[in-house]
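Visitor: Just passing along the structure, written as structure tokens.
The values are calculated or read from the model by the stated rules, or taken from the named source; none is laboratory data. Just so we're clear, the structure is a prediction, and the values are computed from it rather than from any experiment. So basically every Cβ, Gly included, is an ideal-geometry build from the backbone, and we count neighbours across all protein chains shown.
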DNA sequence: AGCGAATTTGATATTCATTATCAATACGAG
DNA sequence: CTCGTATTGATAATGAATATCAAATTCGCT
Ligand SMILES: [Mn+2]
Ligand SMILES: [Mn+2]
Ligand SMILES: [Zn+2]
Ligand SMILES: [Zn+2]
């Protein structure tokens, strides 16, 4: 698995150690395709590593973010969620205000226009978060 | 002041009472053009109403949101900020990751494309938040 | 103007997500 | 294998936001 290699590499480059806990968390998290709450992830990891600590999950997610392998999203319920970053991919989100469903989308025109907006305002763009709120097909009646 | 009238009207329509505290908070907040932390707003209001309570500021901001006269933004420092909604206006934000500067922008093309994205995904759009992160002209070297 | 039911206020307690602490443990370069 | 250092995990601390509740205020009504 390539992303795990990336994480190992990141740790090594920063002089950090590879540990059973970090490896377990990373290998599980990185092959998922979900938006995880820390608690959700903690509960999943506990299945394979029952003595895992809550703080370690927080710390490892922070490392995965620094390594560019995870992103953070804050939608509507006040909880912070994390999702794995899939190689060279970017997407934004639609969130249903009723059932909480999260839909992903990519739109190159919007991305391009954002770059232009930043340039016009003499702003060096590093990233962005675009979230559309509303009601999914099942929840709008 | 028209927006204060709107707020009075909202309170009345909902069977809520108009109070010295609500009026003071609304009249100050609504004529500003800033992104306020609850604490910032609390400190400002205290100048004209020293015995104001923290909880009342929270409660009144919630009412202003319900009345459609305030919006909430979460940028980078984890703090929730509130800004007054100016009549019929919408904008999104650029945020400098170094100095925290907040720049506003409007882009009709992006807005339009967002509507299309939602339609294609059979999603009933109610609102959105688009935040561009990077470095302002002073902070990029 | 004054009454009184119902709402609101403000001090403070509580909740809950996240971070800090620190002794015990694990890692890994040599 | 050894030893210095990083990491872990239990738990305390922090801090924003919400809940509580007695006292004060509002406002429709007489
Ligand atoms: Mn996603
Ligand atoms: Mn703004
Ligand atoms: Zn839905
Ligand atoms: Zn700046």
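Visitor: On the basis of being in the same structural domain as residue B:10 (by TED's automatic domain parsing), over 30 Å from residue A:138 (Cα atoms) and in contact with a strand residue (DSSP E or B) (Cβ under 8 Å, 6 or more places away or on another chain), does residue B:33 make the cut? Steps first, please.
Guide: Working: in the same structural domain as residue B:10 (by TED's automatic domain parsing): yes; over 30 Å from residue A:138 (Cα atoms): yes; in contact with a strand residue (DSSP E or B) (Cβ under 8 Å, 6 or more places away or on another chain): yes.
Yes, satisfied.
Visitor: Identify, from the list B:57, B:85, B:95, the residue that is within 16 Å of the chain's Cα centre (by Cα) and under 21 Å from residue A:91 (Cα atoms). Can you show your working first?
Guide: On the way: B:57 fails: under 21 Å from residue A:91 (Cα atoms); B:85 fails: under 21 Å from residue A:91 (Cα atoms).
Criteria check complete, one pass: B:95.
Visitor: On to the next question. List pairs: first in segment B:91-111 and farther than 18 Å from residue B:37 by Cβ, second in a helix (DSSP H, G or I) and within 16 Å of ligand 1 (Cβ to nearest atom), Cβ under 8 Å, 6+ apart or cross-chain?
Guide: B:110/A:110
Visitor: Give, as residue ranges, the strands (runs of 3 or more DSSP E) completely inside segment A:67-132 that count at least 1 residues that are facing chain B (nearest Cβ under 9 Å).
Guide: Working: elements: A:70-74, A:80-84, A:92-96, A:102-105.
Once the strands (runs of 3 or more DSSP E) in segment A:67-132 are filtered for at least 1 residues that are facing chain B (nearest Cβ under 9 Å), what remains is A:70-74, A:92-96, A:102-105.
Visitor: Further question: Filter segment A:64-78 down to residues that are crowded, with 19+ Cβ neighbours inside 10 Å and over 17 Å from residue A:93 (Cβ atoms) and give me whichever is farthest from DNA strand D (Cβ to nearest atom).
Guide: Ranking the candidates gives A:69 first.
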